Structure formats: structure tokens, C-alpha cells
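The values are calculated or read from the model by the stated rules, or taken from the named source; none is laboratory data. Note that the structure is predicted; figures quoted are calculated from it, not measured. Here the Cβ is made from the backbone with ideal geometry for all residues, glycine too, and neighbour counts use every protein chain on show. Ligands, DNA and RNA are excluded from the accessible area calculation, which covers all protein heavy atoms including side chains. Shrake-Rupley method; radii C 1.70, N 1.55, O 1.52, S 1.80 Å.
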Amino acid sequence: MKPFIDALKHFARPTSVLFVVAALAVGVVLLFVRRTQRQARWYFVALLAMFWLGSAPAVIERVLIWRTGGYRPIASAADARGASVVVVLGGGNQTIQARGGSLNQVSWTAALRLLEGARLYRLLDHPTVIVSGGITEREPGARSEGDAMRNAIIELGVPADNVMVEAESKTTHDEAREIARMLAGRPKQPIVIVTSPTHLPRALAVFRAAGLYPIPSAAPYTSDHALDRSRWAPSDLGLLLFDTLVYDTMSGVYYWLRGWV
């Protein structure tokens with residue numbers, strides 16, 4: 001089951017080589033079958049349109065606003081309803097290893113979540129910040145997302161004494177269970193969940209199912225002014241946002257089929 005899930009995770013990402021090769025392979029097969037040659041032309045047109053429009057900032061930004069319009073960052077301490085814990089969910093990391101050394105870096109997505117977590121730390125009168133994420137890379141010597149996130153959020157000004165690390169989880173479902181275990185000895189009260197807007201519906205559902213009381217605070221989906229130029233031209237950042245939207249949508253369906261949400 002796990003190898004199938006891992007393959008599905010890679011295939012459900014339009015930026016993955018597996019997805020691109022598979023999509024092109026389907027078109028090539030259609031071209032070489034006489035009965036489907038006409039359909040093949042339209043298939044490639046549709047594939048081009050999907051990648052062009054999906055990676056054009058003018059399109060993907062509007063889709064994201066429509067898809068996640070109900071989620072906003074917390075604007076005042078009152079919005080947190082007395083929460084003294086902020087949980088920043090993992091968004092990926094990369095362990096770079098060479099010649100006996102290693103460097104653990106957070107991803108673009110995780111960095112945006114950490115910026116929101118650091119902002120909330122200042123807004124909410126110094127709460128405990130839990131950074132969450134285990135080892136998700138397959139390479140020997142890979143380090144956890146939580147480790148990379150801890151270093152990054154300390155660099156953003158959150159004192160080490162106020163940072164807790166959850167480094168066992170591999171999925172959002174795991175994160176909810178692990179954090180519920182970490183907070184089991186504390187009085188029941190709301191906690192603030194920080195993650196990307198497209199990830200929030202699934203994250204909130206699994207944290208509620210774990211017996212917690214999450215309050216969402218949406219992280220930004222892009223760096224300031226990153227989408228201001230060449231709005232109708234395909235861009236790497238636009239494709240990354242399209243990839244995130246597709247992945248979180250497919251993951252939501254998977255969680256629903258598993259009965260987790």
C-alpha cells in the first residue's frame with residue numbers, strides 16, 4: 001500500500017517528471033494508433049493549455065483566491081481565542097549532503113508558513129511554537145523537516161526556548177496524532193494551525209478528528225510581488241502554485257476515501 005501511495009504522491013504533481021512523461025506517453029500512443037490520431041492533436045492542445053494557463057499568474061492566482069477565499073491569516077490576538085500554542089505544519093525540506101557535511105533547508109512552501117508562524121509569535125504575546133514534520137526524503141542521512149524548520153524560525157526571531165519540534169510524522173494525518181500526543185498533558189484549549197491555504201481544509205479536519213480545537217491562520221501562498229510581472233506568461237512560480245493546488249486537491253480526495261476527513 002505504501003509504495004502505491006508514494007507513487008501516487010509523485011504522479012499527482014504536475015511538476016514531477018513522472019507526471020510529464022506519463023502525459024506525453026499517452027499522447028504519443030494516441031498519435032501512433034490510426035483511429036485516435038485526430039484525438040491526439042486535441043489531446044496535445046489540451047495538455048499545452050493546461051500547463052500554460054495553470055502556470056500563468058493571472059490565472060492560477062484567481063483560482064487560488066476562489067478555492068481558498070474563506071481562509072485568512074489571524075489579524076488580532078482576539079482572533080486566536082486565547083490560544084497559547086501555534087503549530088506550523090511542514091511543507092517540505094531538502095537535505096544536501098556532500099563530502100561528509102550536510103545542510104538541511106526548508107522548502108519555499110515551508111518558508112512561507114514559518115514567516116506566518118513568526119508573525120503570530122509576535123502578535124500573540126510569545127506563545128509556544130511547534131514546528132512539525134518528520135523525515136520524508138528517502139536518501140540515507142536525510143534529516144527531518146522539523147529540524148530545518150526549528151533552525152529557520154529561530155533565525156526569524158522566535159527564541160529557542162519557545163520552540164518545540166515534532167519530527168516523527170510523514171503525513172498531515174500523522175502530524176495531527178503526534179501533536180495531540182504532545183499536548184495531551186495541557187488543558188484543553190484552542191491551538192492555531194499555520195499552513196498553506198489549499199492545505200487548511202484537510203489539516204483542520206484531521207486535527208479536529210484527533211480531538212484538538214484548531215484555529216486556522218493561512219500562510220501566504222507566495223512571496224510579496226513575486227507574481228506582479230508577466231501575468232499571462234507561464235512561470236516557474238505559477239507552475240509551483242498549480243502543482244500545490246492539484247496535490248492538495250488530490251490529497252483531500254484520498255483522505256476522504258480513507259475516512260480521515
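Yes/no per residue for (1) among the small types (Gly, Ala, Ser); (2) open to solvent by 80 Å² or more (accessible area, probe 1.4 Å); (3) within 14 Å of the chain's Cα centre (by Cα):
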{"site": "181", "(1), (2), (3)": "no, yes, no"}
{"site": "197", "(1), (2), (3)": "no, no, yes"}
{"site": "214", "(1), (2), (3)": "no, no, no"}
{"site": "223", "(1), (2), (3)": "yes, no, no"}
{"site": "238", "(1), (2), (3)": "yes, no, no"}
{"site": "242", "(1), (2), (3)": "no, no, yes"}
{"site": "247", "(1), (2), (3)": "no, no, yes"}
{"site": "261", "(1), (2), (3)": "no, no, no"}
Task: Unmet criterion (only one of (1) open to solvent by less than 70 Å² (accessible area, probe 1.4 Å); (2) within 24 Å of the chain's Cα centre (by Cα); (3) under 20 Å from residue 233 (Cβ atoms)) for residue 23 - done: (3)
TODO: Return the residue satisfying two criteria in turn: it lies in the stretch 78-88 and is small (Gly, Ala, Ser) and assigned to a loop (DSSP other than H, G, I, E, B), and of such residues it is surrounded by the most Cβ atoms within 10 Å (Cβ to Cβ).
DONE: 83
Open item on the list: If I filter the stretch 102-116 down to residues being farther than 13 Å from residue 144 by Cβ and at pLDDT 95 or above, which single residue comes out as surrounded by the most Cβ atoms within 10 Å (Cβ to Cβ)?
Closed with: 113
Task: Complete set of residues in the stretch 45-70 that are over 16 Å from residue 13 (Cα atoms) and hydroxyl-bearing (Ser, Thr, Tyr) - done: 68
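So, in the stretch 199-212, exactly how many residues are in a loop (DSSP other than H, G, I, E, B) and buried (at least 23 other Cβ atoms within 10 Å of the Cβ)?
We begin by selecting, within the stretch 199-212, every residue in a loop (DSSP other than H, G, I, E, B); these are 199, 210-212.
Filter again for buried (at least 23 other Cβ atoms within 10 Å of the Cβ), leaving 199.
Selection size over the stretch 199-212: 1.
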Open item on the list: Between 119, 138, 143, which is at pLDDT 90 or above, assigned to a loop (DSSP other than H, G, I, E, B) and farther than 21 Å from residue 180 by Cβ?
Closed with: 143
Task: Residue check for residue 96: open to solvent by less than 30 Å² (accessible area, probe 1.4 Å) and farther than 19 Å from residue 207 by Cα - done: no
Open item on the list: I'd like to know if the stretch 216-237 contains one or more residues that are free of Cβ contacts under 8 Å to residues at least 24 places away in the same chain, of a type in the set (Ser, Thr, Tyr) and not in a helix (DSSP H, G or I).
Closed with: no
TODO: Can you tell me which residue within the stretch 124-162, out of those that are open to solvent by 50 Å² or more (accessible area, probe 1.4 Å) and touching an Asp or Glu at 6+ places or on another chain (Cβ under 9 Å), is farthest from residue 186 (Cα to Cα)?
DONE: 138
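Given the options 102, 55, 16, 84, name the one that is under 23 Å from residue 220 (Cβ atoms) and among the hydroxyl-bearing types (Ser, Thr, Tyr). Break it down into steps so the answer makes sense when it comes.
Values: 102 fails: under 23 Å from residue 220 (Cβ atoms); 16 fails: under 23 Å from residue 220 (Cβ atoms); 84 fails: under 23 Å from residue 220 (Cβ atoms).
Matching residue, one of 102, 55, 16, 84: 55.
Which one of 40, 23, 75 is of a type in the set (Gly, Ala, Ser) and either at pLDDT below 90 or not in a helix (DSSP H, G or I) (or both)? Break it down stepwise before answering.
Details: 40 fails: either at pLDDT below 90 or not in a helix (DSSP H, G or I) (or both); 23 fails: either at pLDDT below 90 or not in a helix (DSSP H, G or I) (or both).
Every option except 75 fails the conditions.
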